[in-house]
């Protein structure tokens, strides 16, 4: 018999067998699991992984044979046996915990199986706090940090960092579930100086994740991250930079921003977004550096990038304006310059809405009116309508600009879009009343621009449906009795 043919036929059968046929050849597959040839045994285990979805009852009969192969001396057999046991037990939480704990106490020979078991152990620890399980699995993960395989050591350090992210009890310190994980960060620090590019990338990516939740732990490795800024792999260099931004000191901000600017054009949009988020966090942490950081964000608004990248840049600038009062004037001007050449209507609309809210509170609101008016005459209907709203909001809160804004709105009275024309007509009338009627008229007209309804939209719909079906449908529908959004929620 040819073992190669047997193994390949088993793998193909796993893709085409229906439950009835699988039950008929159950005996042959069970025998193949404990075959002396590792290729045949691995193929049978992979067959079980595929059949677990279509014929789970058949695979459940092989538990004894699968348990035996977990102790196989062949790495691929051990790996696939562990994966199949997980698939069999994952629906039963207690059984899975028991199985993972039992295997963790044994000595696996395969580094691949060790890595898989580390991931399963981390999942169990994240799922539920059980002191007896925690003690065994944390001891197992700690022992894996001293494993002779670099792959296993990294996977264990990564597991500790993932646990640090979800463990809120130890936030701010160096403990996870009550255990000190300084050794894990030390391992990652050593890996940062590895001659292997993939090891350096894995280590810095894990530290980058840790820096988002435990920056003080990642900061210990800063001295070894800085050489990675000149790494030949741009992705590694970017991760090193964003990690340093999350953990760096105020005195290093200018130097780091200069280095970001030098290679922003060479990295993918995914990494660009990560950089933007790191810069946003740094600006909120050190408000005094807002000019340098805002300038970096604004320069990237003018560069090429997809919608997600531009949205993150705009979000960052808007958040900084909201949180750092000194940055308001600069930030609003950067946003105004961006909408002059913005190819994303939804983003332009959002910025115009923000300008309508923020501009009246600035020292010189008139300097922003030109940018908004340009959108009213040069853009598509959606953006033109948003520009009309923004101009009217500014005029409502800035008495000195009402007459000028009313004149600008009148230039758009012949707009070819019904929505824009209707808004201009409505707001022109409201502004005219404000000019003639004083403060009471202004307060009444300002309600037109409020995005908040005094009642629930769902309640309005239900009330209208009920009213149309009633005998009083010829009468005017009264809005007074409609509940608010909070009161209407079930």
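The values are calculated or read from the model by the stated rules, or taken from the named source; none is laboratory data. Keep in mind that what you see is a predicted model, and the values were worked out from it rather than measured. Here the Cβ is made from the backbone with ideal geometry for all residues, glycine too, and neighbour counts use every protein chain on show.
Below are the figures for this structure:
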read-out	value
Single condition residue 334 does not satisfy, out of (1) more than 21 Å from residue 250 (Cα to Cα); (2) outside the structural domain of residue 387 (by the TED database); (3) without any contact (Cβ under 8 Å) to a residue 40 or more places away in the chain	(3)
Residue 229 vs. criteria surrounded by 19 or more Cβ atoms within 10 Å (Cβ to Cβ), over 17 Å from residue 184 (Cβ atoms) and touching a helix residue (DSSP H, G or I) at 6+ places or on another chain (Cβ under 7 Å)	no
Residue within the stretch 139-148 that is under 24 Å from the mean Cα position of the chain (by Cα) and surrounded by 24 or more Cβ atoms within 10 Å (Cβ to Cβ) present	no
Test for residue 36: is it free of Cβ contacts under 8 Å to residues at least 12 places away in the same chain, assigned to a loop (DSSP other than H, G, I, E, B) and outside the structural domain of residue 152 (by the TED database)	yes
Filter result for residue 207 (in contact with a helix residue (DSSP H, G or I) (Cβ under 8 Å, 6 or more places away or on another chain), surrounded by 19 or more Cβ atoms within 10 Å (Cβ to Cβ), at pLDDT 85 or above and in a helix (DSSP H, G or I))	yes
Condition broken by residue 452, with the remaining ones in (1) modelled with pLDDT of 80 or more; (2) loosely packed, with under 10 Cβ neighbours inside 10 Å satisfied	(1)
Any chance residue 264 is over 21 Å from residue 232 (Cα atoms), buried (at least 17 other Cβ atoms within 10 Å of the Cβ) and within 23 Å of the chain's Cα centre (by Cα)	no
Top-ranked residue in the stretch 409-439 [being more than 40 Å from the chain's Cα centre (by Cα) and outside any helix (DSSP H, G or I); ranked as nearest to residue 396 (Cα to Cα)]	438
Residue 224 being over 22 Å from the mean Cα position of the chain (by Cα), modelled with pLDDT of 85 or more and either crowded, with 17+ Cβ neighbours inside 10 Å or over 26 Å from residue 195 (Cβ atoms) (or both)	yes
Meets criteria (more than 30 Å from residue 166 (Cα to Cα), out of contact with any strand residue (DSSP E or B) (no Cβ under 9 Å at 6 or more places or on another chain) and not in a helix (DSSP H, G or I)) for residue 73	yes
Complete set of residues in the stretch 94-120 that are surrounded by fewer than 18 Cβ atoms within 10 Å (Cβ to Cβ) and either over 26 Å from the mean Cα position of the chain (by Cα) or free of Cβ contacts under 8 Å to residues at least 24 places away in the same chain (or both)	94, 95, 98, 102, 105, 106, 107, 109
Positions within the stretch 232-251 being surrounded by 16 or more Cβ atoms within 10 Å (Cβ to Cβ) and either in contact with a strand residue (DSSP E or B) (Cβ under 7 Å, 6 or more places away or on another chain) or over 29 Å from residue 163 (Cβ atoms) (or both), in sequence order	none
Failed criterion for residue 91 (all others in (1) over 31 Å from the mean Cα position of the chain (by Cα); (2) farther than 29 Å from residue 175 by Cβ; (3) not in a helix (DSSP H, G or I) hold)	(1)
Residue among 329, 337, 343 that alone is farther than 27 Å from residue 288 by Cα and out of contact with any helix residue (DSSP H, G or I) (no Cβ under 7 Å at 6 or more places or on another chain)	343
Hits in the stretch 30-50 (condition: surrounded by fewer than 23 Cβ atoms within 10 Å (Cβ to Cβ) and either out of contact with any helix residue (DSSP H, G or I) (no Cβ under 8 Å at 6 or more places or on another chain) or under 12 Å from residue 15 (Cβ atoms) (or both))	31, 36, 46, 49, 50
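Let's see how each residue does on (1) surrounded by 20 or more Cβ atoms within 10 Å (Cβ to Cβ); (2) under 21 Å from residue 82 (Cα atoms):
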position: 122; (1), (2): yes, yes
position: 132; (1), (2): no, no
position: 135; (1), (2): no, no
position: 151; (1), (2): no, yes
position: 161; (1), (2): yes, no
position: 165; (1), (2): no, no
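For (1) modelled with pLDDT of 85 or more; (2) in a helix (DSSP H, G or I); (3) in the same structural domain as residue 230 (by the TED database); (4) in contact with a strand residue (DSSP E or B) (Cβ under 7 Å, 6 or more places away or on another chain), each residue gets a yes or a no:
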| residue | (1), (2), (3), (4) |
| --- | --- |
| 157 | yes, yes, yes, no |
| 168 | no, no, yes, no |
| 171 | no, no, yes, no |
| 185 | yes, yes, yes, no |
| 188 | yes, yes, yes, no |
| 195 | yes, no, yes, no |
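Rundown of residues vs (1) under 23 Å from residue 214 (Cα atoms); (2) modelled with pLDDT of 85 or more; (3) assigned to a helix (DSSP H, G or I); (4) out of contact with any helix residue (DSSP H, G or I) (no Cβ under 8 Å at 6 or more places or on another chain), yes/no style:
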site	(1), (2), (3), (4)
80	no, yes, yes, no
97	no, no, yes, no
107	no, no, no, yes
114	no, yes, yes, no
119	yes, yes, yes, no
122	yes, yes, yes, no
